[in-house]
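The values are calculated or read from the model by the stated rules, or taken from the named source; none is laboratory data. Given the structure is predicted, the values throughout are model-derived calculations rather than measurements. Quick reminder, even Gly has a Cβ in these numbers, built from the backbone with ideal geometry, and neighbours come from all protein chains shown. The area values use the complete protein model at the heavy-atom level, side chains included, leaving out ligands, DNA and RNA. Shrake-Rupley method; radii C 1.70, N 1.55, O 1.52, S 1.80 Å.
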Amino acid sequence: MLISTVMALFFIHVPNAQALTIWEHAKYAFEDAFDTTGLEILAIGAAATVVAFSQDSAVHDAWNHNQRMSTDASGFGNFWGSGIPEVAIALGQLFFDQENGIVDAEGLGSSFLVTEGLKYSVQRQRPDTTNTTSFPSGHTQISFASATNVTMSYGWVFGAPMFALGVFTGLSRLADNAHWLSDVTAGATVGIMFGRAGFKHHFNLKPMVINDGGQGGGFVAQWRL
């Protein structure tokens with residue numbers, strides 16, 4: 001519901017007939033998520049997930065049932081990864097910083113769809129055995145997607161605390177016995193990959209030659225809806 005709200009606002013803000021269609025946005029988002037940088041992120045995230053998988057049982061035994069984090073603390077982490085704060089940030093951007101807000105909405109939406117697709121494809125049982133939608137962690141995915149957008153939009157001054165909250169959210173899922181460590185690392189990977197993807201096809205830098213009695217080189221930034 002929260003993601004649907006953001007995506008609906010995203011499409012409402014498309015202002016003219018020359019704008020990209022929904023399917024074109026989706027196509028570009030997935031292509032850009034798997035560009036050279038995206039593949040590097042995927043490789044690192046996949047390696048981290050494999051390592052985490054080997055430690056799942058040990059970490060589970062050390063963290064589950066709030067052994068290393070209080071229920072109050074993990075409750076805040078779960079709220080942060082619920083999508084409510086992330087959607088609120090995206091909505092604020094759509095009203096006050098539309099260009100970055102549209103990219104944020106696209107990143108949240110695309111990473112959510114990938115995460116849900118993996119959950120129902122992999123069918124991994126949660127450590128508390130409540131269902132089989134453990135892999136990857138959706139709470140971690142959405143918090144890392146938002147953190148990636150904030151970092152790329154406004155720099156590390158604002159992005160670093162967001163990533164710290166993303167890590168905290170992942171740990172809270174371990175403390176509440178809702179996820180395995182490898183679920184968390186995979187969720188973070190998906191969030192980062194798709195959180196950055198929209199910037200490539202929305203913001204374009206093109207070389208420019210200036211002829212005013214001499215020649216100079218420069219770049220022109222273009223925004224595309």
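Summary table
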quantity	calculated
Pairwise FRET efficiency - A26 versus F79, Cβ, R0 = 35 Å, nearest 0.05	0.75
From phi via Karplus (6.51, -1.76, 1.60), per-residue ³J(HN,Hα) for segment 170-187 in Hz, x at Gly/Pro	x, 5, 5, 5, 5, 4, 8, 6, 9, 8, 8, 4, 5, 4, 5, 5, 5, x
In order through segment 89-104: 3J(HN,Hα) via Karplus (6.51 cos²θ - 1.76 cosθ + 1.60), integer Hz, x for Gly, Pro	5, 5, 5, x, 5, 4, 8, 10, 8, 4, 4, 6, x, 5, 5, 4
Built amide H within the under 5 Å cut-off of T133, gap 5+	R126
Neighbourhood charge, 14 Å Cβ-Cβ cut-off, centred on V87 and excluding it, Lys, Arg +1 and Asp, Glu -1	-3
Where labels lie 7 Å past Cα in the beta-carbon direction, separation of Y120 and F158 in nm	3.4
Within the accessible area of segment 75-209 (1.4 Å probe), percent carbon and sulfur	71
